[in-house]
Amino acid sequence: MADVTLQNLIKTFDTVEAVRGIDLRIPNNEFVVLVGPSGCGKSTVLRMVAGLEEVTSGDIRIGDTRVNDVPPKDRNIAMVFQNYALYPHMTVAQNMSFGLRLRKVAKSEIRDKVQRAADILGIAELLDRRPRELSGGQRQRVAMGRAIVRDPEVFLFDEPLSNLDAKLRGQMRIEIQRLHQQLRTTTIYVTHDQVEAMTLADRVVVMNAGRIEQAGIPDEVYHRPRTRFVAGFMGSPAMNFLDCQLTEENGRTVARLAAGPALPLPAEQAARVRSYTGRKLVAGLRPENIREAASHDGTNSSGVPHDISIDIVEPLGRETIVYFRLGDATLCARVGTEVHPRAGEQTSLVFHPDRLHLIDPETDLVL
Amino acid sequence: MRVLPPLLRRKPAVAVLMCVPLFALILGLVAYPFFHALFLATLNKAETAFVGLDNFTFLFGRQTFWMVVRQSLLFALVAVVFKALIGLAAAHAINTIPTKGQRKWRGMMLIPWVIPPALSTLGWWWLFEPTYSAINWGLTKFALPAVPWLSDTFWARFSIILVNVWVGAPFFLIMYLAALKSIPGELYEAADMDGAGPWQKFFYITLPMIRNIIAITTLFSIIVTLANFDIVRVLTQGGPLNSTHLFATYAFRVGIESGDIPLGAAVSLFMFPMLAILAFIILRNVRRRAASLA
Ligand SMILES: Nc1ncnc2c1ncn2[C@@H]1O[C@H](COP(=O)(O)OP(=O)(O)OP(=O)(O)O)[C@@H](O)[C@H]1O
Ligand SMILES: [Mg+2]
């Protein structure tokens, strides 16, 4: 086991700057998830850690060793690929043991390790099959088995679940979580699925355009985003953004939403943003913070009601997503199942200012 | 499918009908010549009487014939092995250079294969010319003895094999290159992570992944090489002293030049059972492996 340190890591492909300076320290045993939109450089970072991609500049350390020039096989890491990359001409057991056989590990030891890994992953009956005789989920397990038997210091996953259907993805997510609890191996996991990021990570690293936007525990990244990008990327449906003006009314600091209600800020936030009074800002409000008026759980006491006209309704069973217009902006709200909104209907929704994010449009930083 | 007109729905009849041109072609160009050769081989020299297997027993009693059998096998074996090795090495070399530069190399490497062999062999014939050719001139420049390329038994055999390899290696090259490109790059990355070096990757990933292509290409090449005619015909005409004759050139010598067509047919038919058995074994293995990989 080891910690992994990335220092000012940069990667340029010909003219494309894929990674533009990543600094990240991953302590031993931590499960870190790199998440971000397509093309932001997640895979490139992972592949540089694996040694499959040369580093343009910066340092990668595993434990105390600088590994920039160490070939992949000597880095003591294992990687699970998106398309599994199983050897089609080998059986499951041979696939899993290939690395050990190349390292001339004793036959009996190989057998034990493969058996143990197969037991952990529940693929003991599949050991004699070839990859083409396996389902997607089984192949995924074999790919993980191949990583486990090597007993590496670091696991690397590159979107390992993206080829599975939604249900299986949920199952495998839980298995990976269980596996990490069992093995506690330092893990770097790449995904663009934020549910995977939120559920698996000890720490989420949100990337955008080759840089880290924010790194923190899932709760922090979700509730205290540092930038507009993070605020908009995490959460589904995405956060609503709309212009607002910060004003002083009756001794309270108020965010007056464009064509919407004026939301009084909580005292602590008001103190932080007071210097922006009179400025145009961007307000970010998550759909779950715009709710139906008649809520039974009493959480609406602090909200500000506002009359709107419903555009589109998406019933999801557990909740209902409502889209409505406010000035030029289309906003999204999550309402409970007790109310049955209909498209075109006039109704009142309650805006909750206690989770309002105020963004400086010049820096895109959350204030 | 449900809306097809009745004629098309009667699949077997239509299917057979559509295959008729192909069957006719095979019948006319493969089956007819084959059976006609079989028939010819059972006639006497004047083609006036049926003599059964006499032509074959006559051949089996002749030393020259057995010499031709040995030469053909040696020629095919050595030439195919070198074609395969050189083709594989060249395919690997081309596959390692960046994709942008590959086209021109591939194009250049294919040149020997696309020139009509009779023409390019004529070029080689000039190169092998004993006194004034480039090769011997170069050798004597470096104070090495001139080589009797086409008049000495060993060197004549060497020369026809050399030219055959030169003509045929590009075929292996393109087949292997296509096969190499069909191997997903991720497998090599996985092998990198597993700790495989270049040779281990070659033996444990590349070779098993392209074994079927190797087998089929080799089979095809053995057939074509055993049946080779033009190189020997242009370079040595089978000489010196019949030491470079192959089945085809010997059949030509016996059948056309010496006027015993039935005997020539018998010579050329001798290859058939050997190739049939070889093809059967190789294709059976290919099918088995294909089923296990897919
Ligand atoms: N081998 C390469 N040659 C040139 N450009 C590359 C190469 N690999 C990646 N890139 C570029 O680098 C950038 C980052 O790519 P990368 O694969 O790391 O993105 P990603 O975050 O993994 O995206 P995705 O979620 O789609 O997998 C992209 O703009 C991509 O086009
Ligand atoms: Mg990627």
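The values are calculated or read from the model by the stated rules, or taken from the named source; none is laboratory data. Owing to the predicted nature of the structure, the values given are computational and were not obtained by experimental measurement. Cβ coordinates were reconstructed from backbone atoms using ideal geometry, including for glycine residues, and neighbour counts include every protein chain displayed. All accessible areas refer to the heavy atoms of the entire protein, side chains included, with ligands and DNA or RNA removed. Shrake-Rupley method; radii C 1.70, N 1.55, O 1.52, S 1.80 Å.
Numbers below:
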{"read-out": "Residues (open to solvent by 10 Å² or more (accessible area, probe 1.4 Å) and more than 16 Å from ligand 2 (Cβ to nearest atom)) located in region A:201-210", "value": "A:A201, A:D202, A:R203"}
{"read-out": "Those residues of region A:331-365 which are surrounded by fewer than 19 Cβ atoms within 10 Å (Cβ to Cβ) and within 25 Å of the chain's Cα centre (by Cα), in sequence order", "value": "A:D354, A:R355, A:D360, A:P361, A:T363, A:D364, A:L365"}
{"read-out": "Total residues in region A:149-184, condition away from ligand 2 (no atom under 16 Å from the Cβ), closer than 17 Å to B:M193 by Cα and either modelled with pLDDT of 90 or more or away from chain B (no Cβ under 14 Å) (or both)", "value": "5"}
{"read-out": "Residue check for A:L52: within 15 Å of ligand 1 (Cβ to nearest atom), in contact with a Leu (Cβ under 8 Å, 6 or more places away or on another chain) and in the same structural domain as A:N208 (by TED's automatic domain parsing)", "value": "no"}
{"read-out": "Filter result for the condition that a residue is surrounded by 20 or more Cβ atoms within 10 Å (Cβ to Cβ), away from ligand 2 (no atom under 13 Å from the Cβ) and at pLDDT below 90, over A:A78, A:A93, A:A2", "value": "A:A2"}
{"read-out": "Residue in region A:35-43 that is within 26 Å of A:Q182 (Cβ to Cβ) and either of a type in the set (D, E, K, R) or within 16 Å of ligand 1 (Cβ to nearest atom) (or both) present", "value": "yes"}
{"read-out": "Complete set of residues in region B:190-236 that are more than 10 Å from every other protein chain (Cβ to nearest Cβ), outside any helix (DSSP H, G or I) and surrounded by fewer than 21 Cβ atoms within 10 Å (Cβ to Cβ)", "value": "B:A227, B:F229"}
{"read-out": "Flag if B:A49 is more than 30 Å from B:L162 (Cα to Cα), among the aliphatic types (A, V, I, L, M) and touching a strand residue (DSSP E or B) at 6+ places or on another chain (Cβ under 8 Å)", "value": "yes"}
{"read-out": "Residue check, A:V16 surrounded by 15 or more Cβ atoms within 10 Å (Cβ to Cβ) and either in contact (Cβ under 8 Å) with a residue 60 or more places away in the chain or among the aliphatic types (A, V, I, L, M) (or both)", "value": "no"}
{"read-out": "Unmet requirement for A:D311, which otherwise passes all of (1) part of a strand (DSSP E or B); (2) open to solvent by less than 50 Å² (accessible area, probe 1.4 Å)", "value": "(2)"}
{"read-out": "Failed item, numbered, when A:N8 is tested on (1) more than 16 Å from A:G63 (Cβ to Cβ); (2) more than 20 Å from the chain's Cα centre (by Cα); (3) within 14 Å of ligand 1 (Cβ to nearest atom)", "value": "(3)"}
{"read-out": "Residue ID - farthest from A:L126 (Cα to Cα), chosen from residues in region A:96-116 that are among the aliphatic types (A, V, I, L, M) and in a helix (DSSP H, G or I)", "value": "A:L102"}
{"read-out": "Elements of type helices (runs of 4 or more DSSP H) in region A:129-225, at least 1 residues being within 18 Å of A:V80 (Cβ to Cβ)", "value": "A:136-149, A:166-183, A:194-200"}
{"read-out": "Checking A:N163 against (1) over 28 Å from A:P27 (Cα atoms); (2) within 16 Å of ligand 1 (Cβ to nearest atom); (3) open to solvent by less than 50 Å² (accessible area, probe 1.4 Å); (4) polar (S, T, N, Q), the condition it does not meet", "value": "(3)"}
{"read-out": "Test result for A:T253, within 22 Å of A:S302 (Cβ to Cβ) and either open to solvent by less than 50 Å² (accessible area, probe 1.4 Å) or touching a helix residue (DSSP H, G or I) at 6+ places or on another chain (Cβ under 9 Å) (or both)", "value": "yes"}
{"read-out": "Selection from region A:58-75 of residues that are surrounded by fewer than 15 Cβ atoms within 10 Å (Cβ to Cβ) and either in contact (Cβ under 8 Å) with a residue 24 or more places away in the chain or within 29 Å of A:S162 (Cα to Cα) (or both)", "value": "A:D59, A:P71, A:D74"}
{"read-out": "Residue that is farthest from B:G195 (Cα to Cα) [pool: residues in region A:96-110 that are surrounded by fewer than 14 Cβ atoms within 10 Å (Cβ to Cβ) and within 13 Å of chain B (Cβ to nearest Cβ)]", "value": "A:K104"}
{"read-out": "Sole exception among (1) surrounded by 19 or more Cβ atoms within 10 Å (Cβ to Cβ); (2) within 16 Å of ligand 1 (Cβ to nearest atom); (3) among the aliphatic types (A, V, I, L, M) for A:V195, by number", "value": "(1)"}
{"read-out": "Residue match in region A:271-290 (condition: among the basic types (K, R), closer than 25 Å to A:T320 by Cα and touching a residue at least 60 places away in the same chain (Cβ under 8 Å))", "value": "yes"}
